Amino acid sequence: VFFLCLLAGCSICWFNTVCFVLCIKNFPANRALALSLTVSYNGVSAALYALAGDAISASTSSLYLLLNSLVPLIVSIAALVPILRQPSVDPLSPEAVRSDSIMFLLLNVLAVLTGVYLLLFGSNTSDTSTSRLLLGGAVFLLVFPLCVPGVVYARRWFHHTVHSSFQLRGSGFILVDDDDLELHKRLVSRETSYNNLNGSSLSDDEVCEYSSSSQKLCNKEEDSARCCEKMIEKDQLVMLGEEHTAHVLVGRLDFWLYYIAYFCGGTIGLVYSNNLGQIAQSLGHSSNTTLLLTLYSSFSFFGRLLSAAPDYVRAKFYFARTGWLTIALLPTPVAFFLLAALSNSTAALRVGTALIGLSSGFIFAAAVSVTSELFGPNSVGVNHNILITNIPIGSLIYGVLAAVIYDGNVGRGLKLMFSDSVVCMGRDCYFLTFVWWGCLSVVGLVCSLLLFIRTKHAYDAFERNRALVEPQRNW
């Protein structure tokens with residue numbers, strides 16, 4: 001089992017990295033949309049496997065091992081041909097970019113329908129024949145997106161009725177495409193040089209030093225305020241999309257704020273899902289384990305889809321992606337404190353599971369885009385893998401914490417028949433775990449808020465430059 005888990009962990013890292021790189025290379029003008037959609041479908045695996053298990057043999061738990069060994073292998077072989085096909089190095093025409101945008105819009109609609117379908121029927125416990133029909137419907141929804149390109153090319157009028165209203169032109173992995181990014185860098189460089197020549201880059205300390213008449217105004221309150229500003233402004237990112245090597249990456253404060261936000265946000269949600277079966281058992285909800293698993297999987301799927309929302313609404317409402325990340329972290333502490341206060345309630349357990357799934361799903365999907373925007377799209381393969389080292393570390397730390405608290409309350413447990421193991425039953429088994437996880441998620445929320453404050457100026461400058469670039473591109 002240890003060896004299988006080791007192989008599975010390595011496979012996940014390799015598979016995710018390949019998917020990220022393929023999205024970057026094949027969809028240069030819609031990278032964020034492609035990434036969010038790709039990561040989103042990872043979230044429905046648990047619900048799909050539960051449905052497949054009910055359809056084949058609900059009483060055989062080892063069936064999941066067989067599905068895990070065969071399904072990924074078959075799907076990977078089927079996807080091998082388009083993966084090996086190298087994308088064209090020529091830039092896409094505006095018509096091709098618009099066509100891709102329409103495709104992604106349709107794919108997101110189909111993804112939402114798939115998520116709703118699995119949420120409603122993924123926890124089905126009816127007879128085998130009904131389960132097989134439901135599984136067939138789920139497989140159809142998963143395969144149907146292959147027909148989307150043909151539908152798009154056959155329905156040219158769709159562009160005028162839907163695409164124009166969403167204004168998806170220029171939607172991209174880093175808010176604009178590569179040419180706009182280069183122009184943005186040149187504009188930022190010119191602006192910085194202009195400010196330096198006009199002396200506007202002087203710090204507050206230099207102003208006080210060269211202006212003796214105003215020294216009295218630099219009192220203690222201003223000094224403390226200046227210290228806070230310096231802490232926020234220290235080592236700030238100058239612009240988005242600047243490439244960072246691994247050595248430079250680990251030396252930036254923004255990276256570690258980002259790392260802790262992920263460590264205390266998305267990773268805690270993942271550990272919660274890994275312990276969901278035991279949590280349900282301890283609280284006396286073993287019969288609802290499949291439903292809870294489906295809830296987490298489905299809402300994680302919806303959260304991953306929502307990570308593409310900033311790209312769809314950017315033309316009407318602009319907000320830094322790190323700000324969206326902070327908003328996405330809000331449900332996690334709320335859910336854990338709700339579970340700690342009302343863990344005996346079935347409704348609280350379901351609501352908390354759904355909130356944690358929604359929050360962690362958004363973080364998993366948005367993190368790749370945030371990494372590329374803050375530390376460079378060309379280095380995202382290496383940099384993002386450095387970031388997600390927090391997942392195994394967090395899984396170990398949070399898992400040990402939950403196990404210690406669980407074992408500390410095992411004296412109140414119930415000895416199982418036909419087994420030497422002892423199960424802890426009752427609210428106390430996970431009460432302190434929920435409190436600890438809730439407090440740690442608050443730490444992640446604070447770090448995410450600091451990251452947003454420190455990067456907001458870079459996002460604002462990027463959006464201003466994009467607004468300048470867009471009329472030139474249209475002309």
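The values are calculated or read from the model by the stated rules, or taken from the named source; none is laboratory data. These figures come from a predicted structure and were not determined experimentally. Virtual Cβ from ideal backbone geometry, glycine too; neighbours counted across all protein chains shown. The accessibility values were calculated without ligands, DNA or RNA, using every heavy atom of the protein model including side chains. Shrake-Rupley method; radii C 1.70, N 1.55, O 1.52, S 1.80 Å.
Spin-label model, Lys456/Thr245: points 7 Å from Cα along the beta carbon direction are separated by 3.4 nm. Protection proxy ranking, highest mean first, for peptides 252-260, 386-394: 252-260, 386-394, where packing is the per-residue count of other beta-carbon atoms within 10 Å, averaged. Expressed as a whole percent, the accessible area of region 237-474 that falls on carbon and sulfur atoms is 70 (1.4 Å probe). Across region 237-474, the mean sequence separation of Cα contacts (distance under 8 Å, 6 or more residues apart), normalised by length, yields a relative contact order of 36 percent. With the highest mean first, a sort of the peptides 402-408, 364-370, 379-385 on other beta-carbon atoms found within 10 angstrom per residue produces 364-370, 379-385, 402-408.
Computed from phi, the 3J(HN,Hα) profile of region 319-324 under the Karplus parametrisation 6.51, -1.76, 1.60 (θ = phi - 60°) reads 8, 4, 5, 5, x, 4 Hz, with x in place of Gly and Pro.
Using a 1.4 angstrom probe with every protein chain in place, what is the largest-first accessible-area order of Arg132, Arg454? Kindly include the intermediate steps, with their values, before the conclusion.
Numbers: Arg132 145, Arg454 5 Å².
From most exposed to least exposed: Arg132, Arg454.
Ordered from longest to shortest, the equivalent ellipsoid semi-axes for region 237-474 are 39, 18, 14 Å, each the square root of 5 times a Cα gyration tensor eigenvalue. Per residue, the solvent-accessible area of region 244-314 (1.4 Å probe, heavy atoms of protein chains only, all protein chains present) comes to 31 Å². Of Phe336, Gly399, Ser379, which is farthest along the charge dipole of region 237-474 in the positive direction, counting Lys and Arg as +1 and Asp and Glu as -1 at C-beta? Comparing the listed Cα positions along the dipole, Phe336 ranks first.
Using the average count of surrounding beta-carbon atoms within 10 Å as a protection proxy, the listed peptides 324-331, 350-357, 63-70 rank, highest first, as 350-357, 324-331, 63-70.
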